[in-house]
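Structure, as structure tokens:
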């Protein structure tokens, strides 16, 4: 399946529809983003049951702010609308594959709450 474009207009629908959402926050001028992009696509194609989305931080300023993106690329993983990973920097494919597996296995109800 590969990744899809995520915007402020479609983010709520995506989060409602998919249990696991993996987002790549990127920009066209960012060299590490260009290196990470094919890795992200490769892992997305191997996991068609998970939503992989790309957020262009140059266009989607509000989403970048909502997710408090301070550097790019940044990988954000949400499970059941809960952020379970917020990782800046490029990640090698083997590690992204491992992270996706851990996200699948994670029981969000067992996470500690700040409340």
For segment 89-98, what are the residues that are buried (at least 17 other Cβ atoms within 10 Å of the Cβ) and either within 12 Å of residue 46 (Cα to Cα) or touching a strand residue (DSSP E or B) at 6+ places or on another chain (Cβ under 8 Å) (or both)? 91, 96
Quick one: count up the residues across segment 77-111 that are closer than 14 Å to residue 36 by Cβ and without any contact (Cβ under 8 Å) to a residue 12 or more places away in the chain. 2
Which residue, of 74, 82, is modelled with pLDDT of 95 or more and either crowded, with 19+ Cβ neighbours inside 10 Å or within 15 Å of residue 15 (Cα to Cα) (or both)? 74
Of all residues in segment 3-15, which are farther than 19 Å from residue 87 by Cβ, out of contact with any helix residue (DSSP H, G or I) (no Cβ under 7 Å at 6 or more places or on another chain) and either in a loop (DSSP other than H, G, I, E, B) or touching a residue at least 24 places away in the same chain (Cβ under 8 Å) (or both)? 4, 5, 7, 9, 10, 14
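The values are calculated or read from the model by the stated rules, or taken from the named source; none is laboratory data. This is a predicted model, so every value here is computed, not measured. Positions of Cβ are generated from backbone atoms using ideal geometry, with glycine treated the same way; all protein chains shown enter the neighbour counts.
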